[in-house]
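The values are calculated or read from the model by the stated rules, or taken from the named source; none is laboratory data. Please read all numbers here as calculations on a predicted model, not as lab measurements. FYI the Cβ positions are ideal-geometry reconstructions off the backbone, even for glycines, and counts take in every protein chain you see. We work out accessible area using only protein heavy atoms, side chains counted, and drop any ligands, DNA or RNA first. Shrake-Rupley method; radii C 1.70, N 1.55, O 1.52, S 1.80 Å.
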Amino acid sequence: MVFEEKMIQNGEPDEEEEEEDEEEMVDPLETIRQKCEETEHCVHAREKLEACETRVGSRSETTEDCTEELFDFLHARDHCVAHKVFHSVK
């Protein structure tokens, strides 16, 4: 209790004031990834990935996985991101 009073008397901000001062940081890479996922090429790749996941999920015994479709989607998204990400870097 005495320690807390000394902190308040010294003028140090308490936790509530610190939280109000901090701005919420937004990762520009995540924002760009979300925008790129909405492009035509990425939407097509995502549809293939989701179709594969549905097909594999509906089977009880299968050796098929959706690795190729996942890599195709990630490649399409990252290709789009690569052209835009450096414009937002300071």
Counting all C-alpha pairs of region 25-90, share separated by more than 18 Å (%): 45
Net charge of neighbours whose Cβ lies under 13 Å from the Cβ of ARG33, counting Lys and Arg as +1 and Asp and Glu as -1: -1
Surface accessible to a 1.4 Å probe, per residue, for the residues of region 20-90, Å²: 84
Local net charge near THR62, Cβ-Cβ under 15 Å (Lys/Arg +1, Asp/Glu -1): -4
